[in-house]
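**Q** So that we are looking at the same thing, I have put the structure below in structure tokens.
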Amino acid sequence: MYSHRSSTGPVDLAFTDRYDGVSAVPFDSLNLALVGDDDPEARRRNTELLLADFAPGAELCDMEQVHGRRVARAGGPRTQCDALVTDRPDVVLMVRAADCVPVLLADLEDGGSGVIGAAHAGRQGLADGVVVACVEEMRLLGARSIGAWVGPHICGRCYEVPATLRDEVAAMEPSTASTTSWGTPALDIGAGVVAQLERLGVLVDDVSRCTLESPDLYSYRRDGAGSGRLAGVIRRRGPAR
């Protein structure tokens, strides 16, 4: 169910793989996509299975991701945005991806704000600064010592793009310039996300693997419309009841 799972103080976080769900081929099996050709009931059941294992009884807040930089504060109906933040305990923030970069964030200061965040950074989101906007919103809520976990995404050796596009993005974020393993122009969106976070003074833990190269992860570049979606989830535990 997980490609990575960890806890830091009262904060629990995880990135999923594609196993231990109920979706049929080609989406087998833990497809957490919000939309797509997979059976909606299977997708709903997969989300239930994840929440029951990760944070039983917690409230889920997710988003309709649109490759922008809008940040929303969790609560109320699902909204179009690419980052969520909250200072409420026992709220699970979820970000979905299938090659883009999922990022989970938390205020690590003991006795601090308790703020957590989740962001979705594709090529456009990176260029628009969605992770920067997420960190700024967390700081508005009182976060002072932010840590970030960068989850599975397509790597710079595999994300082939036209040379003009690579140069355009690299002009905004030089660390994204890359070359595929077969020698063509590429982008390393993960490197760009890490660079942006580090410039903001965020402590980064890169727990990623390449989605395209890893058959246990979903990849749109590899599988097209038959690809499901993995998720990053994070929550701060409330007081024991």
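The values are calculated or read from the model by the stated rules, or taken from the named source; none is laboratory data. Everything numeric here is computed off the predicted structure, so don't read it as measured data. Virtual Cβ from ideal backbone geometry, glycine too; neighbours counted across all protein chains shown. These area figures cover heavy atoms from the full protein model, side chains too; ligands, DNA and RNA do not enter into them. Shrake-Rupley method; radii C 1.70, N 1.55, O 1.52, S 1.80 Å.
**Q** What accessible area per residue, rounded to a whole number of Å², is obtained for the chain using a probe radius of 1.4 Å?
**A** Value for the chain: 42 Å² per residue.
**Q** What 222 nm value per residue comes from the helices of the chain, counting each DSSP H run with n ≥ 4 as -39,500 (n - 2.57) and dividing by all residues, nearest 500 deg cm²/dmol? Intermediate values should be presented prior to the final figure.
**A** Values: 6 runs with 57 residues, N = 241.
Estimated from H runs of four or more residues: -7000 deg cm²/dmol.
**Q** At q = 0.16, 0.18 Å⁻¹, what is the log10 ratio I(q)/I(0) for the range 1-69, with the Debye formula run over Cα points and no solvent?
**A** -0.62, -0.76
**Q** Something else: Considering only A177, P56, S6, whose Cα is most displaced toward the positive end of the charge dipole of the chain, charges sitting on Cβ of Lys, Arg (+1) and Asp, Glu (-1)?
**A** Most positive-ward Cα: P56.
**Q** What's the center-to-center distance, using Cα atoms, between the range 134-185 and the range 39-78 in Å?
**A** If we compute the Cα centre of each part, the gap is 24 Å.
**Q** Carbon and sulfur together cover what percent of the accessible area of the range 18-157 at a 1.4 Å probe radius?
**A** On the range 18-157, the fraction of accessible area on carbon and sulfur atoms equals 47 percent.
**Q** Based on the inverse mean of 1/r over its pairs of different Cα atoms, what is the Kirkwood hydrodynamic radius of the range 1-143, in Å?
**A** With all distinct Cα pairs of the range 1-143 included, I get 15.6 Å.
**Q** Additional query: Full extension from R78 to R139: what is 0.36 nm times the residue separation minus their Cα-Cα distance, to one decimal in nm?
**A** 19.7 nm
**Q** Which three extents, in angstrom, do the Cα atoms of the range 60-136 have along their principal axes, listed largest first?
**A** Principal axes ranked by extent give 35, 25, 19 Å for the Cα atoms.
**Q** Also, I was wondering about something else. What do the square roots of 5 times the Cα gyration tensor eigenvalues come to for the range 156-233, in whole Å, largest first, as semi-axes of the equivalent ellipsoid?
**A** In descending order the semi-axes read 22, 19, 10 Å.
**Q** With θ set to phi - 60° and the Karplus curve 6.51 cos²θ - 1.76 cosθ + 1.60, what are the ³J(HN,Hα) couplings of the range 217-230 in order, to the nearest whole Hz, using x for Gly and Pro?
**A** 10, 7, 9, 5, 4, 7, 10, x, 5, x, 8, x, 10, 8
**Q** Turning to a different aspect of this structure: Mind checking the range 132-241 for chymotrypsin sites (Phe, Trp or Tyr not before Pro) that DSSP puts in a loop (not H, G, I, E or B) and that have at most 15 other Cβ atoms within 10 Å?
**A** Within the range 132-241, the qualifying chymotrypsin sites (Phe, Trp or Tyr not before Pro) (loop, at most 15 other Cβ atoms within 10 Å) are W182.
**Q** Ranked highest first by the average count of other Cβ atoms within 10 Å around their residues, in what order do 205-211, 94-100 fall?
**A** Top to bottom by mean Cβ count within 10 Å: 94-100, 205-211.
**Q** Using Stokes-Einstein with the Kirkwood hydrodynamic radius over Cα pairs, what translational diffusion coefficient do you get for the range 97-207 at 10 °C and a viscosity of 1.306 mPa s, in µm²/s rounded to a whole number?
**A** Diffusion coefficient, whole number: 112 µm²/s.
**Q** Based on DSSP, what percent of beta bridges with both residues in the chain are antiparallel, to the nearest 5? Intermediate values should be presented prior to the final figure.
**A** Numbers: 35 of 47 bridges.
Within the chain, antiparallel bridges account for around 75 percent of the total.
**Q** Please state, as a whole number in µm²/s, the translational diffusion coefficient that the Stokes-Einstein equation yields for the chain at 20 °C and 1.002 mPa s, with Rh defined as the Kirkwood radius across alpha carbon pairs.
**A** 121 µm²/s
**Q** May I pose another question? Just the number, please: carbon plus sulfur as a percent of the accessible area of the range 161-233, 1.4 Å probe, no ligands or DNA/RNA counted.
**A** Working: 1780 of 3310 Å².
For the range 161-233, the apolar C and S fraction of the accessible surface comes to 54 percent.
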